[in-house]
């Protein structure tokens, strides 16, 4: 049932008492505005509880996808509710660190529930000696290994989207989804 269809929900601000005195005893006017009270009661209730709707840990389950869309997060309806709530709750923090290894690992943990290993090909280096050899490989890239109990249960498309969203745009990425305990 939608929040707009709650039967018997009283209005926190009944309109009948707000009418001018001449309508206080008018039964038609009182019944008419009582019908408006039935329509407005869910609106008032929602507005009174707006902070709970915007908190991913308190919002109703059917409201989570809408809240996630505000944060630019794609969720999967098949995920457990706690995983979805955790992803939405951490979305802003992860987006602030977007493009970093730590953010990618944290995001993939939330999306897959697995252990994540990210190997970068390059590095940062400076030297007081000109011509020093930089660390890493000559060609840039990331290798992402997702270790889960059942690799077949992981939505590879969701993993690829998550990597695309959180990794630097210019890097080619290799993704491996493997059974936990395997290399």
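Remarks
- Cβ-Cβ under 8 Å pairs, at least 6 apart or on other chains, region 55-66 side assigned to a helix (DSSP H, G or I), far side modelled with pLDDT under 90: 63/53; 64/75; 65/75; 65/77
- Evaluating residue 148 against the criteria (1) at pLDDT below 85; (2) in contact with a strand residue (DSSP E or B) (Cβ under 8 Å, 6 or more places away or on another chain); (3) closer than 26 Å to residue 86 by Cα leaves one unmet condition, (1).
- Residue within region 26-45 that is free of Cβ contacts under 8 Å to residues at least 40 places away in the same chain and either within 27 Å of residue 114 (Cβ to Cβ) or part of a loop (DSSP other than H, G, I, E, B) (or both) present: yes
- Selection within region 38-78 - buried (at least 18 other Cβ atoms within 10 Å of the Cβ) and within 20 Å of residue 164 (Cα to Cα): 68, 73, 75
- Residues (touching a strand residue (DSSP E or B) at 6+ places or on another chain (Cβ under 9 Å), assigned to a loop (DSSP other than H, G, I, E, B) and at pLDDT 75 or above) located in region 120-141: 121, 140, 141
- Once region 142-168 is narrowed to residues that are in contact with a helix residue (DSSP H, G or I) (Cβ under 8 Å, 6 or more places away or on another chain) and assigned to a helix (DSSP H, G or I), the residue that is farthest from residue 181 (Cα to Cα) is 165.
The values are calculated or read from the model by the stated rules, or taken from the named source; none is laboratory data. Keep in mind that what you see is a predicted model, and the values were worked out from it rather than measured. A quick note on method: Cβ atoms are made from the backbone with ideal geometry, for glycine too, and the neighbour counts reach across all protein chains shown.
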